[in-house]
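Reading through the structure tokens given below for one structure.
Just so you know, all these numbers are worked out from the coordinates, no wet-lab data involved. Being a predicted model, the structure only gives us computed values, none of them experimental. Here the Cβ positions follow ideal geometry from the backbone for every residue, glycine too, while neighbour counts run over all protein chains shown.
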Amino acid sequence: MAADLHLARVPSETASGKEEARRLRVIVADDHVLMRHSLRKLFEAEGDVELIAEASELKAAVRQVRAHRPDVLVLDLRMPGGSSIDAIGTLREQAPGTRVVVVTMEDNPLFAQRALDAGALGFVVKDYADEELPQAVRAAARGEREVSPRLAARLESFQRA
């Protein structure tokens, strides 16, 4: 797990002919309005991440991904309306260009392994989301895996067992 991640900025032509950095397009799916609001503020402060939609339940998250085709879906592990783990697999098939980062209160390596096996590229514990989530979103957008450092060592031990 790389500790020093940087966003590779992709220039794009604007109407005025000037180049500007492409912003990562993100959807946040969490059933708690306060968490969605907090993540919106977190991404607004980043400058290179644009929160394009939100969802409060799993079916709405899937609809939003299909409609908007974001670069990254930030998905709570426990959402009303179904299994987030199952939804990761479904979204990987239906929207292969959208990468998934799980954000959750679960700091158990079993949950992380299940999410990664389903196709998630990131796994961040909510307690550290303000520090770790922007990096995980950028890594996922590049196709790289990023797991909360506080969980990564336990996950490696879990995988060897």
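Provide Rg over Rh for the stretch 104-160; use the alpha carbon set for both Rg and the Kirkwood Rh (inverse mean inverse pair distance).
0.93
Given +1 on the Cβ of Lys and Arg, -1 on the Cβ of Asp and Glu, and no further charges, what dipole in debye does the stretch 37-120 carry about its Cα centre, rounded to the nearest 20?
300 debye
Return the distance in nm (one decimal) between the two label points of a simple spin-label model at GLU93 and LYS41, each offset 7 Å from Cα along Cα→Cβ.
Here the answer is 4.0 nm between the modelled labels.
Please give the FRET efficiency for ASP31 paired with GLU156, using the beta carbon to beta carbon distance and R0 = 22 Å, rounded to the nearest 0.05.
Efficiency computed from Cβ-Cβ geometry: 0.15.
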